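Report on the structure given below.
Where a number appears in this text, it was derived from the coordinates with a stated rule and is not lab data. This structure is a prediction, so every number in the text was calculated from the model and none was measured. In this analysis, Cβ positions are derived from the backbone assuming ideal geometry, glycine residues included, and neighbour counts consider all displayed protein chains.
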Amino acid sequence: MDSRAPLEQLATHTVSNQAPDLPDYHAYLDDTPLWEGVAREGGADHEPRLRALGEAAGSAAVMALGEQANSNPPRLRAFDRQGRRLDLVEYHPAYHQLMRLGCEHGVHNHAWQAERGGHVAHVALLYMLYQAEGGVCCPLTMTHAVRPALRASTELAAFWEPLLDVEAYDPAYCPASDKQAVTFGMAMTEKQGGSDVRANTTRAEPVSDGYLLQGHKWFCSAPMSDAFLTLAQAPEGLSCFLVPRWRPDGTRNPFLIQRLKDKLGNQANASAEIEYAATWAMPLGPLGEGVKTIIGMVQQTRLDAAVAPVALMRQALVRALHHCRHRGAFGKALIDQPLMRNVLADMALEVEAGLRLVLRLARAFEPGADEQDRHLARVGTAIAKYWLNKRSPEFTCEAMECLGGGGYVEESLMPRLYREAPVNGIWEGSGNVLCLDVLRAFAREPESLQALLSIIEARRGEHAALDRTLARIKGLLTRPEELEMRARSLAEWLAQALQASLLLEDGPAEVAEAWCDARLSERGRVYGALRDSAQVEALLARA
Ligand SMILES: Cc1cc2nc3c(=O)[nH]c(=O)nc-3n(C[C@H](O)[C@H](O)[C@H](O)COP(=O)(O)OP(=O)(O)OC[C@H]3O[C@@H](n4cnc5c(N)ncnc54)[C@H](O)[C@@H]3O)c2cc1C
């Protein structure tokens, strides 16, 4: 019962046929494709942790925190009353509570602590938390992702890793040595170029105990993190550095937060413009090989940026299903109207196929992955990040429409999901950059292409539409002069063919059949395109 006791009988009319608020649900146990997928990809040992976050992430209380953190965005306090620099960003308490929830469930570190299945568990954890609030997932992802790059320096890893291993959140603004736990950020993008980081102009001058940086970064999210990986031009060339907010002697490191971006979405998360002015930094990895070092981090953040759009789509689907179960029109609940059933089932198909792909990719990130999986992690992740982020803006728009006019209103959450949708397509490699990166990887390591093709070829003969897509992919690959211009088509076909192959590999058969039929045919891209009512029923039963 609603403790606010809202009145339905009003003086002028009675309120009726309005869907109730979404009640508490279990973001893990109520998501069949999720728990099935976690078990399939080797993450079953992590069930207790996943269940615990699933219960919290689907609760109305945590959803309310997400709403509060977004309605009360972070504020910059660049100066104090006397005009001295503070460079502080203040967050609403709801943001800190969500960060605490994420850290206490190991979203930021569990992947590196488990012997097996840790990356699969990480993806599932992120998937659930992102549904409640995307903004906090940015610092959690960067903190998770920093490990491979950090390990390029034994000395730096020895200091920072124990602080990353702690399952706690410590927002205190003080030297890391006085803290229980830390978070990391990443600052590469400059005004004159984000994709082409070789154009970075920030300079790094060697001094007796490290380097001093001079320059700027045009985007730096989560600027209250304890340390950042950054790129700067050292005498040897573009190099990777670790910049802590505090110097080892306990004084503040100059980290000048100039302003916060006024963003379309992702409101709970602060994204800053910063300047380095004689900012102390330690080199990470070989000097002159900064891109190679920081790519170790970017590879991880890219996987998370491929998971995020699927999480957004899942949350939009949860809301659309809930609404349609409770709203009637023309004598029936919307969910019983055949055309709406088709739309909802088709959206459920998109989520299930997206989740299948990212969970399979997560397995390829596990320690001990074989050569084929190493290639899959490298190029499959770029393809998935590209394609899934092309799907989520359309999808969240479609889900909004399922709620009718109410979906366009802020209280429904749909506008927030819609505004969040484009960001993961832009950061960590924008669409074109990823597609070109895939082409480069294919040219440099032809085995990476082979790794993808072998997954698809293993299902040859199982569905005519998949066979045709494979032929189209191979046809394009024989025309190298067209490849750069058509790199997006190639990535799209590969992504959807991979999804088809994974679904065909171990079903359910109706889902695999529906995917091949609806996505690999020429039938168009609007949701609600399923032809077979048995498929509709099977998909809705799993959603
Ligand atoms: C909310 C938000 C937070 C961010 N946080 C961070 C952060 O914490 N740290 C950080 O370092 N960065 C951050 N970024 C920056 C982001 O990573 C960059 O914006 C992104 O990498 C693109 O760089 P750019 O903006 O300079 O665009 P550009 O590099 O100028 O690219 C513009 C467009 O051109 C395309 N393009 C580029 N090269 C080619 C080519 N050869 N052929 C065809 N098309 C091409 C790109 O795909 C893109 O669509 C953030 C961005 C946003 C929106």
task: Determine by what factor the alpha-carbon radius of gyration of the stretch 32-163 differs from 2.2 N^0.38 Å, reporting the quotient.
output: 1.22
- prompt: Once the dipole of the stretch 182-289 is set up with Lys and Arg at +1 and Asp and Glu at -1 on Cβ about the Cα centre, which of 264, 214, 199 lies farthest towards its positive end?
  reply: 264
- line: Residue separation between residue 201 and residue 509 times 0.36 nm, minus their alpha-carbon distance, gives in nm 105.5 nm
query: P(r) of the stretch 182-289 in 10 Å steps, Cα pairs, percent per bin?
result: 16, 50, 29, 5, 0
message: Within 9 Å, Cβ to Cβ, of residue 28, how many net charges do the neighbouring residues add up to if Lys/Arg are +1 and Asp/Glu are -1?
response: -3
- prompt: What are the residues whose amide H is under 5 Å from the amide H of residue 190, where those residues sit 5 or more places off or on another chain and H is modelled from the backbone?
  reply: 218
message: Can you compute the charge dipole magnitude of the stretch 468-543 about its Cα centre, using +1 on each Lys and Arg Cβ and -1 on each Asp and Glu Cβ, nothing else charged? Give it in debye, rounded to the nearest 20.
response: 280 debye
- prompt: Short version: ³J(HN,Hα) in whole Hz for each residue of the stretch 244-259, in order, from phi by Karplus 6.51 cos²θ - 1.76 cosθ + 1.60 (θ = phi - 60°), x for Gly and Pro, what are they?
  reply: x, 5, 10, 7, x, 7, x, 9, 6, 7, x, 9, 8, 8, 7, 6
- prompt: Using a simple spin-label model with points 7 Å from Cα along the Cα→Cβ vector, what separation in nm is obtained for residue 477 and residue 9?
  reply: 7.1 nm
Potential extension, residue 426-residue 326 segment - 0.36 nm per residue separation minus Cα distance: 32.4 nm
- line: Karplus-derived 3J(HN,Hα) from phi for the stretch 13-23 (6.51 cos²θ - 1.76 cosθ + 1.60, θ = phi - 60°), whole Hz, x at Gly and Pro, runs 6, 10, 6, 8, 6, 9, 5, x, 4, 5, x
statement: Of the convex hull drawn through the C-alpha atoms of the stretch 293-542, the volume per residue in Å³ is 126 Å³
task: List every residue whose amide H lies under 5 Å from the amide H of residue 170, counting only residues 5 or more places away in sequence or on a different chain, with H placed 1.01 Å from N in the peptide plane.
output: 181
- prompt: Given the rule -39500 (n - 2.57) for each run of at least 4 DSSP H residues, summed and divided by the residues of the chain, what is its mean residue ellipticity at 222 nm, to the nearest 500 deg cm²/dmol?
  reply: -15500 deg cm²/dmol
- prompt: For residue 289 and residue 454 in the same chain, what is the full-extension length gain: residue separation times 0.36 nm, less their Cα-Cα distance, in nm?
  reply: 56.1 nm
message: If amide hydrogens are placed 1.01 Å from N in the peptide plane, which non-local residues have theirs closer than 5 Å to the one on residue 258?
response: 273, 274, 275
- line: Where a ≥ b ≥ c are root eigenvalues of the Cα gyration tensor, a/c under 1.5 meaning rounded, otherwise prolate if a/b exceeds b/c and oblate otherwise, the stretch 390-525 counts as oblate
- prompt: Counting DSSP beta bridges in the chain, what percent are antiparallel, to the nearest 5?
  reply: 90 percent
message: What does DSSP give for the stretch 182-289 in terms of the percent of beta bridges that are antiparallel, rounded to the nearest 5?
response: 85 percent
query: Using a Förster distance of 41 Å, how high is the FRET efficiency between residue 30 and residue 72, based on the Cβ-Cβ distance and rounded to 0.05?
result: 0.90
message: Please state the shape class of the chain: rounded when a/c is under 1.5, otherwise prolate if a/b exceeds b/c and oblate if not, all from the C-alpha gyration tensor.
response: oblate
- line: So for R0 = 25 Å, FRET eff. of residue 86-residue 166 from the Cβ-Cβ r, to 0.05, ends up at 0.40
- line: If R0 = 35 Å, then residue 370 and residue 521, at their Cβ-Cβ distance, give a FRET efficiency to the nearest 0.05 of 0.55
statement: For the chain, the dipole about the Cα centre with charges only on Cβ (Lys and Arg +1, Asp and Glu -1), to the nearest 20 debye, works out at 1160 debye
Selection of trypsin sites (Lys or Arg not before Pro), the stretch 1-50, meeting DSSP coil and at most 11 other Cβ within 10 Å: 4
- line: Of the listed links 261/292; 332/390; 179/263; 261/385; 217/263; 217/385, those spanning more than 26 angstrom between alpha carbons are 261/292; 332/390; 179/263
field: Separation of alpha-carbon centers, the stretch 167-218 and the stretch 76-148, rounded to whole Å
entry: 17 Å
